Amino acid sequence: MTCTLGIDIGTFESKGVLVDAKGRVIAEARHPHEMIVPRPGWAEHRADEDWWHDFVHITQSLLDRSGIDPNDIAAVAASAIGPCMLPVDASGRPLMNGVLYGVDTRATREIEDLTAQIGADTILDRCGNALTSQSVGPKILWLKRNHPEVFAETAKILTSTSYLTWRLTGEYVIDHYTAANFSPLYDVETLDWTRDLAPGIVDLGKLPRLLWSTEIAGRVTARAARETGLAEGTPVTCGTIDAAAEAVSVGVRGAGDMMLMYGSTIFIIQLTESRVRDPRLWYAPWLFPGQHASMAGLATSGTLTHWFRDTFARDLPRGEAFVTLAREAATSPPGANGLLLLPYFSGERTPIHDPRAKGAFFGLNLTHDRGDMYRALIEGIAMGTAHVTETYAEAGAAPSRILAVGGGTKNPIWLQATSDFTGLPQIVCEKTLGASYGDAFLAAVAVGRAKPDDIGAWNPALRTVSADPAPVHARHYALFRKLYEQTKDIAAELDGEE
């Protein structure tokens, strides 16, 4: 038997899967970790303990459970949360915790300074994206300004997937899709690092080598083989960001296809015929040459459900809490008995790009219970998602079909609320394993054991969630939009007190 291995490192949990040549799952494994929040607006992971340790643990678990001979693994592909910022020294040792993606808003000043220095129009034209909390370039500048002693020792700036690939192969690489998030250091027209926009951020020699995600970055080294149990010499792909692998896993492969990922954040990827130029959305070259992707993401989604569980459901057994909360939310009607939630608990990414935005429950009265609050939380995330899909339509890129994936697809209230507020149906595929399954497929593509269009046979559609909006959905969405506009100045003033 020959198979491929895919492993994904998420915000709160890592997952891995072994898949045979027809896409059948041989074994799967997962391992939890925590997101570190040292102060408001910051979000971090430990590169060794959270990223590499999880990769090793999951690989060993999969080999043990499956009984597969490591020599029968044709290729390995990894994905991870991104884009992240991790400085390492000349030996590849992490010099600090990895700074996470857009949920980390520490570089707000650097975003403002670079935008003023370069010009918003120039950045959008050359980099494809306005500078936001999702951009890695400002975070590198933050490191240079605030920790010059660490910056001086830095030999490479990596992201999460780059670090895993280096641990496996000894090669410092990054795929073009991920690199596009390093604005203003990556030019989407030349598909290369750029020196002229902001030469004062970092020497480009400290950035990884650019590859396409299915190119072979290297092979498993002897040291990595000893640590993981993989066979020395096994091909390893360049890898990509988790959301991209997740999109692949459910069949996003042509223009008009949109992935809606229900994870620690809501993340959206839509393939388009040509580059979408809109400062409210992100752009990147897709995983294969000649294809284009337009992205969006909320700052807190699944993370917000974890916060609610840990804050308001401490009385519930941890393993049963989400099931119980969903059951309680089902007793609350659409509209949550007049309760609104702004889900901006870590600021917000698309489409408002406001790192100073604040979360809020609005409309509370003495009749509301936990079920109403959890329903309002789910609907607040759904309305944030509707704001994004509305933005795509305004940008001339309305989706032709939506494929839903991620842990939130197991919550029928969340799925239905999203369709009801967006007015759009969602397809749920047979397998909802997510990014690790997409990684295994990309590994098969990389070594010629599958073609990109084969994912439809690997993971066929299972069901469709149809939109069934009621008047309350339109009314609450309008109030949701109004509530942010009328409170954003207060939120910014509160931000100045932190």
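Only the coordinates and a few stated rules stand behind these numbers; no lab work does. Fair warning: this is a prediction, and the values are worked out from it, not measured in the lab. Note that we place each Cβ from the backbone using ideal geometry, even for glycine, and neighbour counts take in every protein chain shown.
Residue 49 to residue 367: extension gain in nm, 0.36 nm per residue of separation minus the Cα-Cα distance? Fully extending the segment from residue 49 to residue 367 adds 110.0 nm. The mean sequence separation of alpha-carbon pairs under 8 Å and at least six residues apart, normalised by the residue count of the range 77-175, gives a relative contact order of 39 percent.
Each Lys or Arg adds one and each Asp or Glu takes one away; over the other residues whose Cβ falls under 15 Å from the Cβ of residue 471, this sums to -2. Rounded to the nearest 500, the helix-only mean residue ellipticity at 222 nm of the chain stands at -11000 deg cm²/dmol, with each DSSP H run of n ≥ 4 adding -39,500 (n - 2.57).
Going from the residue with the fewest nearby Cβ atoms within 10 Å to the one with the most, 15, 139, 144, 22 rank 22, 144, 15, 139. Under 5 Å from the amide H of residue 35 lies no amide H of any residue 5 or more positions distant or on a separate chain, with H modelled from the backbone and absent for Pro and chain starts.
Here the extension length gained between residue 494 and residue 288 equals 69.8 nm, from 0.36 nm per residue of separation less the Cα-Cα distance. Distances between placed amide hydrogens fall under 5 Å for residue 292 paired with 272, 286, all partners being 5 or more residues away or on another chain.
With neighbours defined as other Cβ atoms within 10 Å of a residue's Cβ, the residues 429, 238 order from fewest to most as 429, 238. Assuming R0 = 30 Å, can you tell me the calculated FRET efficiency for the pair residue 42 and residue 2, based on Cβ-Cβ distance, to the nearest 0.05? With R0 = 30 Å, the Cβ-Cβ based efficiency is 0.10. For the chain, the relative contact order is 16 percent, taking Cα pairs closer than 8 Å that sit 6 or more residues apart in sequence and dividing their mean separation by the residue count. Pairs with C-alpha atoms separated by more than 24 Å, drawn from the list 139/206; 144/206; 206/358; 15/206; 15/410; 15/431, are 206/358; 15/206. A Förster radius of 22 Å, combined with the Cβ-Cβ distance separating residue 96 from residue 223, puts the computed FRET efficiency at roughly 0.40. Using the beta-carbon distance between residue 323 and residue 60 and R0 = 30 Å, what value does 1/(1 + (r/R0)^6) give for FRET efficiency, to the nearest 0.05? Step by step, r from the Cβ atoms, then E = 0.50. Taking the DSSP beta bridges with both ends in the range 3-243, the antiparallel portion is around 70 percent. Annotation: extensible slack from residue 481 through residue 454 equals 5.6 nm (criterion: 0.36 nm per residue apart, minus Cα-Cα distance). Name the shape class, rounded, prolate or oblate, that the alpha-carbon gyration tensor gives for the range 3-243, where a ≥ b ≥ c are the square roots of its eigenvalues, rounded holds for a/c under 1.5, and otherwise prolate holds if a/b is larger than b/c and oblate otherwise. Prolate. Each Cα pair under 8 Å and six or more residues apart adds its sequence gap; the mean of these over the residue count of the range 3-243 is a relative contact order of 21 percent. For the chain, the antiparallel share of DSSP beta bridges with both residues in that region comes to about 70%. Computed from the C-alpha gyration tensor, the three semi-axes of the ellipsoid equivalent to the range 266-379 are 34, 16, 12 Å, from longest to shortest. This ranking places 227, 493 by how few other beta-carbon atoms lie within 10 Å of each, fewest first, which gives 493, 227.
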